[in-house]
1. Can Trp220 be described as more than 16 Å from Ile264 (Cβ to Cβ) and of a type outside the set (Gly, Ala, Ser)?
2. Going by the conditions given, is Lys283 within 27 Å of Ser171 (Cα to Cα), out of contact with any helix residue (DSSP H, G or I) (no Cβ under 9 Å at 6 or more places or on another chain), at pLDDT below 90 and in a loop (DSSP other than H, G, I, E, B)?
3. Considering only the range 244-270, state which residues are crowded, with 22+ Cβ neighbours inside 10 Å and without any contact (Cβ under 8 Å) to a residue 60 or more places away in the chain.
4. Within the range 311-341, count every residue that is among the aromatic types (Phe, Trp, Tyr) and more than 23 Å from the chain's Cα centre (by Cα).
5. Would you kindly identify the helices (runs of 4 or more DSSP H) lying entirely within the range 56-161 that contain at least 1 residues that are polar (S, T, N, Q), out of contact with any Cys (no Cβ under 9 Å at 6 or more places or on another chain) and at pLDDT 80 or above?
6. Does the range 166-185 include one or more residues that are under 22 Å from Asp269 (Cα atoms), at pLDDT 85 or above, outside any helix (DSSP H, G or I) and over 25 Å from the mean Cα position of the chain (by Cα)?
7. Ala241 - would you say it is in a helix (DSSP H, G or I) and under 28 Å from Phe313 (Cβ atoms)?
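The values are calculated or read from the model by the stated rules, or taken from the named source; none is laboratory data. Just so we're clear, the structure is a prediction, and the values are computed from it rather than from any experiment. Quick reminder, even Gly has a Cβ in these numbers, built from the backbone with ideal geometry, and neighbours come from all protein chains shown.
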Amino acid sequence: MSISFYKNQKIIWLISFISIILIANFSLYRIELYEPITPLVTIGSLLDFIVVIPLLVYFLFLRKQYSKKYLFAVIASSYGIAWLIIPSTYWQSISFSKYFIFMIEGCFILIEVYLATLIIRKIPLIRQKYHESRYTIPFFQNRLDFAVHSLIKPSLFSKMVISEFSIFYYSLFSWRKKSSLTNYEAFSYHQKTSSIALNIMFIHGLVIESIGFHYLLHNWNPTIAIIALIFNLYGLFILMADIQAIRHCPYLLSDDLLILHTGIMKRIDIPIKNIKEINEYPKELPLKKQKLVTTFDASPPDFIKEKPNFEIFLKEPIAASFLYGKQKKVDKVILNVDNPQQFFESLTKKLEKSKDLSLL
């Protein structure tokens, strides 16, 4: 049985169990057959949401894949669903419950504040490390990652902070910046695609939607209108950052490293010695679903998905990074470049040179 099938099976079980719990609790308060409902029954329902569902999510989904801190978000979300399903009249008998969620969220906030304090205290050293790496590490996101994690143990929070700084750097401060890439051979990957045009279209749609939707929401609920506007503005920053990162971060190749950054969204750094081979991509499309689990698609988004130029096989799986710290292990990379012939010849030479050095 493949790993991907096993994961899919666990997700199916998770959805099934949660659906049974939601349907059972929804029916409990809306079918006269179960009345009268005592406070103990309501407490049991609440435990379904703040204990049973989070444990199911943890053991069938989060464990071994994601940080345990996601469990706080699961508990908070599940508690919110409980508020929607359990009628307000029954909450009066368990008024103590609101303090429980405050306690959980309070613990989460304290942990985040502690981690933020660690980063703030080390800002002078982080700045020093960042500036020292300007001529050895090519891209802002990589330099910041190096500077922070050389002083602080990597965590989901630190990776999210790096993602946020990268978004605002590329969206606001990179318009006149010119990359210093003298130690690398650079290959653009967006000139033959519509990836930038696609992002501009999304920005255009988001601006129009923000104006119209904000007006409608403001007439209904001003607070929700402001929250929606903030999320839309944040979305604009992400789209602008992605455009700038696509422009400023080409694929880079040196004697030791192949760096593939696809905008702000995803990246992977591959040691040349870990590359098994590079081949022209075969004609069959699309990739089988089980192959996509361990494949890094370095191609940018486009209106119409084009067939990749190349597939690169790795000797050992390595981690590919995505926005907000998500990672996955991959053993294959597929990509498009604007000058495929030059890229293929350059990488082939690096591989031959690496093999010759390994024989010495």
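1. Values: more than 16 Å from Ile264 (Cβ to Cβ): yes; of a type outside the set (Gly, Ala, Ser): yes.
When the stated conditions are applied, Trp220 passes them.
2. So Lys283 fails the test.
3. Ile246
4. Initial filter on the range 311-341 (among the aromatic types (Phe, Trp, Tyr)): 313, 322, 324.
Filter once more, keeping what is more than 23 Å from the chain's Cα centre (by Cα): 313.
Number satisfying all stated conditions: 1.
5. Values: elements: 70-85, 88-91, 97-121, 123-132, 140-149.
The qualifying helices (runs of 4 or more DSSP H) are 70-85, 123-132, 140-149.
6. Yes; the residues of the range 166-185 include at least one that is under 22 Å from Asp269 (Cα atoms), at pLDDT 85 or above, outside any helix (DSSP H, G or I) and over 25 Å from the mean Cα position of the chain (by Cα).
7. In short, no.
Residue-by-condition table, conditions (1) farther than 29 Å from Leu260 by Cα; (2) part of a helix (DSSP H, G or I):
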site	(1), (2)
Thr193	no, no
Ile196	no, yes
Ile211	yes, yes
Ile224	yes, yes
Leu233	no, yes
